[in-house]
Amino acid sequence: MRSAALALLVGAALGSFDRPAGAAPRASSLAWVRMPGAEACIDAPTLAQAVERRLGRGAFVPPTRGEVSIEGRIERAQEAGVWRATIRVFGEGGAAIGSREIEAEQVDCRAIDEQLELVIALLVDPDASLVPPGGAGVPAAAGAGGAPAAGAAARPAPRPPIATKAAVPPACPPAPAAPSAPWRVGGAVEAVGGLGLTPGPANVGVGVRAHATPPRGPGFELGGALWKSSVAGEVPGSPAFSLAYGRLSVCPVEIARGGTALSGCAGAMVGSLRVEGPAVRSRFRHERLVFDLSLDTRVRRRFVGPLFGAVGLGIAVPLARDVYFYTDEAGERRDVFRASPVSAILDLGLGLELP
């Protein structure tokens, strides 16, 4: 029964490939697809190698060089336990030559491998002397002892294997490396206001600030401010306090979206607090070094080109809170000012940033 079934398949395959007898085999390409659920069935490389073993030579060429295209797929049919293989043949220009279906009621789809190999081998070359599986090159039409079977026509010797070279797609040029983000640097002139830095309900001044933000890692700020003198008390001749300092900050937080940037910085302020007035008699108390730790956050917004505006809010914490006093004519101590434990600073700036 198995031999009869194979014979029918062979006849069907030969009938689907219209080619004059004795003509040279046309270059063929093979495309084979395992549908979902048929992943355990024979794959394309294994099937191609099995067909070439039967033909005793290289049989397939890349699709761009093939005169005939053999396309097939294997899938599980809707009927339980049935496997269906569909094979179609296309000629030059994609014209359909024919198609065949192989169905088998088998638990394992690999049981129809031999049928697939035989049908595809005869589609490639109907006149070939096929080598049976494990026949080591013995022609399929040979009888016992290797002699030709009675009535069998003499067939030409198998052609030597044809070396084929798979088409290699041109190597794609490597994608250009993404340009690294540049440093952003800028500077601004500021109006500053504060509470608790010097005597009085509020302090005002002017400042400058420069910032630099690298592509990675924290940014940096460098600047300074000069505060307007403020008088401690309302009595004529009361001492006046003036403050100037420089600052350096590191900004580990930097979030930029479009033309807006938000930064968070921590740093130090070092400067001089000068006291002047007839009430202060000692030169020692005229000027003191101040050292404050600072935390601040700032928002920058670009307007036109490199022009930006900025607003910032921060706090300053002095490491030492000096008390400023004088001794009056009666020899009594008069406290004038003592720095606040936490001072607030607000700044508004306008500047340029590149790029």
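The values are calculated or read from the model by the stated rules, or taken from the named source; none is laboratory data. Note that the structure is a prediction, hence the values are computed from the model and not measured. Only protein heavy atoms, including side chains, enter the accessible area calculation; ligands, DNA and RNA are left aside. Shrake-Rupley method; radii C 1.70, N 1.55, O 1.52, S 1.80 Å.
Per residue, the accessible area of segment 178-268 comes to 51 Å², computed with a 1.4 Å probe over protein heavy atoms only. Across segment 309-355, counting alpha-carbon atoms alone, Rg and Dmax equal 18.8, 64 Å.
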